[in-house]
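The values are calculated or read from the model by the stated rules, or taken from the named source; none is laboratory data. It should be emphasised that the depicted structure is a prediction, and the values quoted were computed from it without experimental measurement. Virtual Cβ from ideal backbone geometry, glycine too; neighbours counted across all protein chains shown. These accessible areas exclude ligands, DNA and RNA; they are computed on the full protein's heavy atoms, side chains included. Shrake-Rupley method; radii C 1.70, N 1.55, O 1.52, S 1.80 Å.
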Amino acid sequence: MRKPLVPKNEKERLAALNSYQILDTLPEKGFDEITLIASEICQTPISLVSLIDNDRQWFKSHKGLEVTETIKDYAFCAHAILEPEEIMIVRDANEDERFAGNPLVIGDPKVTFYTGVPLINPEGYALGTLCVIDHKARELNDRQIMALKALASQVVAQLELKRKIAELDTTRRELEQSNQYLERFAVMAAHDIRNPLTSILLTSQLLKDRFKDKLDEKGNRFLDIINASSHKLIDMLEKMLDYSKSNKILSQNREETDIINLLNEVVKLIEVPDAFTIQLPAIPAKIITSVVAFEQIMINLLNNAIRYNNKTWGHIKISYTEEPGFYCFDITDNGIGIEPVYFEKIFESMFTLGHKDRFDKDGSGVGLCTVKSLVEALDGTISVASVLNEFTTFTFKLKK
């Protein structure tokens with residue numbers, strides 16, 4: 001008897017095996033059906049899905065065998081994975097110097113005939129084998145060997161499926177933890193922002209009450225703007241805080257609104273330089289949507305249109321149309337433009353084009369990612385068209 005050699009890539013192979021999180025798991029019908037079919041096709045009493053661990057072979061499925069593992073030194077499959085491109089066939093283990101005297105040959109389960117097909121994962125690592133075993137010397141015909149190879153491919157496919165599910169589950173847990181952190185941060189940030197906003201609101205109201213008769217019309221109008229903007233920001237803050245807890249709230253809290261009035265309110269919330277004009281849709285229309293989401297989408301897109309404009313006179317045009325089932329908006333500016341190669345990447349989190357804006361500030365890589373998330377939360381889509389140094393048009397559609 002000869003002990004199996006250690007594969008040259010053993011460290012990497014074991015890492016690949018462990019990535020499936022399959023060892024010591026409970027039996028599964030899918031794998032048991034494969035070993036059952038293998039035994040039927042090859043007419044053998046034993047069929048195994050064997051995985052070679054550091055110091056043992058462990059059976060994910062074991063048709064015709066009671067034990068679930070053996071030590072690696074006795075494992076036929078540990079020899080089979082040394083030549084992963086070959087099917088290992090042992091007609092009579094008693095006559096093979098590698099296995100003569102092996103406790104698994106001279107004792108239970110009395111292995112005489114063995115054929116094992118290595119289980120090669122997509123990265124090229126031999127994880128183990130699908131094997132069939134008999135108590136007498138024999139051979140398989142070509143059709144049986146072909147069927148065994150096909151079944152081995154099915155074992156690998158099932159292992160890959162389990163790994164993908166495990167990876168998705170890990171990602172889900174990480175996202176849940178991240179979302180919990182973001183929710184806590186949003187609550188703290190909202191509290192920190194709400195306090196000064198409330199102070200501004202109370203102060204402006206106090207000034208209005210005490211000095212209304214002493215201020216001219218322009219002064220009173222400024223106080224009214226401060227009051228209205230403070231109320232608006234506090235309301236927006238509360239709604240965005242609700243959204244941080246669940247984006248379903250956006251689709252649930254839909255209301256009818258006039259787009260011209262809504263866009264005028266949005267424009268009041270952004271700083272528009274004197275050299276810029278913003279052209280609103282010519283025809284009034286009403287839509288039913290999440291107002292807070294729509295405002296955030298527009299604020300981000302309009303701010304970008306202003307920031308990334310290198311012209312002396314900036315122009316932004318907002319257009320509105322309808323399609324069956326969708327409200328459609330175009331925001332076109334005459335700014336620096338975007339190369340087509342970046343049309344998809346600009347919506348990725350933390351991606352920037354590396355340009356300084358007209359105020360000599362860097363982008364954060366958050367705005368357009370947020371816009372896309374909000375649009376998609378409303379069952380919509382967003383896209384961009386642009387020609388460098390001529391124009392950029394963002395088109396987003398919201399489900400009716």
Full extension from D235 to K218: what is 0.36 nm times the residue separation minus their Cα-Cα distance, to one decimal in nm?
3.6 nm
Place a +1 charge on the Cβ of each Lys and Arg in the chain and a -1 charge on the Cβ of each Asp and Glu, then give the dipole magnitude about the Cα centre in debye, rounded to the nearest 20.
720 debye
Checking the table K218/K317; K286/K317; K110/K162 against a 22 Å threshold on Cα-Cα, which pairs fail?
K218/K317; K110/K162
Carbon and sulfur: what percent of the stretch 1-126's accessible surface (1.4 Å probe)?
51 percent
Just list whichever of K268/K400; K8/K72; K60/K149 have alpha carbons separated by over 20 Å in the model shown.
K268/K400
What number comes out for the charge environment of A100, summing +1 per Lys or Arg and -1 per Asp or Glu over other residues with Cβ under 11 Å away?
-2
Amide H neighbours of I46 under 5 Å, counting only residues 5+ apart in sequence or on other chains, H built in-plane at 1.01 Å?
I133
Trypsin sites (Lys or Arg not before Pro) in the stretch 1-55 lying in a DSSP loop, each with at most 14 other Cβ atoms within 10 Å of its Cβ, come to R2, K8
With springs only between Cα atoms under 10 Å apart, run a GNM on the chain and tell me which of R98, R254, R307 wobbles the most.
R98
If you wrap a convex hull around the alpha carbons of the stretch 242-353, what volume per residue comes out, as a whole number of Å³?
136 Å³
Mind listing the phi-derived Karplus ³J(HN,Hα) values for the stretch 222-227, rounded to whole Hz, using 6.51, -1.76 and 1.60 with θ = phi - 60°, and x for any glycine or proline?
4, 5, 5, 5, 4, 4
I want to verify a result. In a Gaussian network model of the chain, Cα cutoff 10 Å, which of these has the top mean-square fluctuation: K164, K372, K361?
K361
Working from Cα positions, state the angle (0 to 90°, nearest 10) between the long axis of helix 29-42 and the longest principal axis of the chain.
30 degrees
Based on Cα positions only, what radius of gyration and what Dmax would you give for the chain, in angstroms?
34.0, 112
May I ask you to evaluate 6.51 cos²θ - 1.76 cosθ + 1.60, the Karplus curve with θ = phi - 60°, for each residue of the stretch 208-217 and list the ³J(HN,Hα) values in order in whole Hz, giving x for glycine and proline?
5, 5, 7, 10, 4, 6, 8, 8, 6, 4
Angle between the chain longest axis and helix 259-268 axis [Cα atoms, degrees, rounded to 10]
80 degrees
Spelling it out for F326: with amide H atoms placed in the peptide plane at 1.01 Å from N, the residues 5 or more places away or on another chain with amide H under 5 Å from its amide H are K400
Mean projected area (nm²) from the convex hull of Cα positions in the stretch 1-105 is 7.0 nm²
Amide H within-cut-off set for D53, under 5 Å, with H built and near neighbours excluded
W58
Taking Cα atoms only, helix 291-307 is inclined relative to the longest principal axis of the chain by an angle, in degrees rounded to 10, of 80 degrees
Could you tell me which GluC sites (Glu not before Pro) in the stretch 327-379 are loop residues by DSSP with no more than 13 other beta carbons within 10 angstrom of their beta carbon?
E344, E348
Nearby aspartates and glutamates by direct alpha-carbon distance to K11 (threshold 13 angstrom, same-chain neighbours under 8 apart not counted):
D53, D55
Convex hull over the alpha-carbon atoms of the stretch 36-165: what's its volume per residue in Å³?
102 Å³
Read phi for every residue in the stretch 107-120 and hand back ³J(HN,Hα) as whole Hz from Karplus 6.51 cos²θ - 1.76 cosθ + 1.60, θ = phi - 60°, with x for Gly and Pro.
x, 4, x, 6, 6, 10, 9, 8, 9, x, 9, x, 9, 9
